[in-house]
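Report on the following structure.
Nothing in this text is a laboratory measurement; each read-out follows from the coordinates by a stated rule. Since the model is a prediction, treat every value here as computed from it, not as a measurement. Note that each Cβ is placed from the backbone with ideal geometry, even for glycine, and that neighbours are counted across all protein chains shown.
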Amino acid sequence: MDNQLPIGSLVDSVAGAPATLDPMRFNRHTFWCGQSGSGKTYALGVVLEQLLLQTQLPLLVMDPNADFVRLGEVRDDVDGDVAQRLTAVRPRVFRPSANGDERLCVKFVDLSLRSRAAILRLDPLKDAEEYNVLLHLESQFGPTTFDRTTFLRRLRDSTDPGLRKLLMRLENLGVLDWDVWAWGGGSTQAVIDERPRAAVLDLGGFKTPDESKVASLAILDHLWATRESRRPLLIVIDEAHNLCPADPLLPVEVALTERIVQIAAEGRKYGLWLLLSTQRPSKIHPNALSQCDNLALMKMTSPRDLEELGQYFGYAPHELLTRSGTFVQGQALFAGGFTTTAAIVQMAQRLTHEGGSDVRVPL
């Protein structure tokens, strides 16, 4: 059966021949790029819809702007059979404000030690006493995560100076007040283990940017810790510069960037494949960018960005790269393993509703 992904029409063909992508080649990392207003997020939705229709590949979408939270809501004008198949997928959307299993929350104890220390800004040498407490925290308190009240009481009742220092750090940073923690309940990490057909993490729903980064770090930490299961997963990171910046500053940003770079370098053999979407290549850490074998480029007018793309993606013809400055909204250059020949495509219409939208100017 031909399960190629129909994504639109070829711009340079006389009769507007259909453009397709090879779904089998999404077992390589993909870089998706386009400046603001190019239709990048809309076009990415077209491809994700086709992956849901034509494959059984599970999708995990890290969504900072709620652009994909309506991925399961089919448009009224979609063909009945297609609509039925898409509706049957039932993507799961996880939000910080939701209840039950749909709440976006993670367990601190499931994070790697390095990630826990990064969240608390602990240095193993400069903060040796607190770091040592963190190292033995789980064995001292037991494997079960306590509810917040019990955990706080045990810290405050302790006469251990290291625990007292750790409590002070937790309170000063406000970490205990974050909505991201699961405490004694279920976590999104466990739900992702079930490999739902599509899972969307509404990262923009948290009160602070730190919480969205911690949630992402916890999920990626867990996927890496369980990588030996070798269950395929396409990890879509929209606005990827927020999670994998070229120059991470805070410790949690460094830990998150290092984890994504590690997945980019080694994740393919475990079935963990990345799709990184951003506005400019210079915003993404080069060690992640250099691992991408597929390229989707929408309108890009910056000569510096185009030169950088040419250096990283030698398989993209120079003459097609330079044409990207003239692309109209919804046009994209596809090159790399997931297309037989590099080509410019006019993207098709979405089948589901787009979540985010621009704020209109009041008239």
Show me, bin by bin at 5 Å from 0, the whole-percent P(r) of region 1-121 based on Cα pairs.
2, 8, 13, 18, 18, 16, 11, 7, 4, 3, 1, 0
Gaussian network model of the chain, springs between alpha carbon atoms under 10 Å - residue of Ala128, Ala118, Ala343 with greatest fluctuation:
Ala128
Given the Cα-Cα distance of Arg195 and Asp123 and 0.36 nm per residue of separation, how much length would full extension add, in nm?
22.4 nm
Based solely on C-alpha atoms, express the radius of gyration and the Dmax of region 183-248 in angstrom.
12.7, 36
Cβ-derived FRET efficiency at R0 45 Å, Ser290 paired with Thr87, nearest 0.05:
0.70
Quick one: 3J(HN,Hα) in Hz for region 291-300, Karplus 6.51/-1.76/1.60 with θ = phi - 60°, rounded, Gly and Pro as x.
8, 7, 9, 10, 10, 10, 10, 9, 4, 8
Over the chain, with a Gaussian network built from C-alpha contacts below 10 Å, which listed residue (Gln56, Gln331, Gln291) shows the highest mean-square fluctuation?
Gln56
Have a look at the DSSP beta bridges in the chain and tell me what percent are antiparallel, nearest 5.
40 percent
Environment charge at Asp305 (Cβ cut-off 10 Å; Lys +1, Arg +1, Asp -1, Glu -1):
+1
Given springs between every Cα pair under 10 Å in a Gaussian network model of the chain, which of Leu351, Leu295, Leu217 has the largest fluctuation?
Leu351
Between Asn172 and Asn99, what is the label-point separation in nm under the 7 Å Cα-to-beta-carbon projection?
3.9 nm
So how far apart, in nm, are the two label points at Thr226 and Gln349 if each is 7 Å from Cα heading toward Cβ?
3.9 nm
In region 150-215, trypsin sites (Lys or Arg not before Pro) in a DSSP loop with at most 14 other beta-carbon atoms within 10 Å
Lys207
Lysine pairs in the chain 8 or more apart or on different chains: how many have alpha carbons under 29 angstrom apart?
20
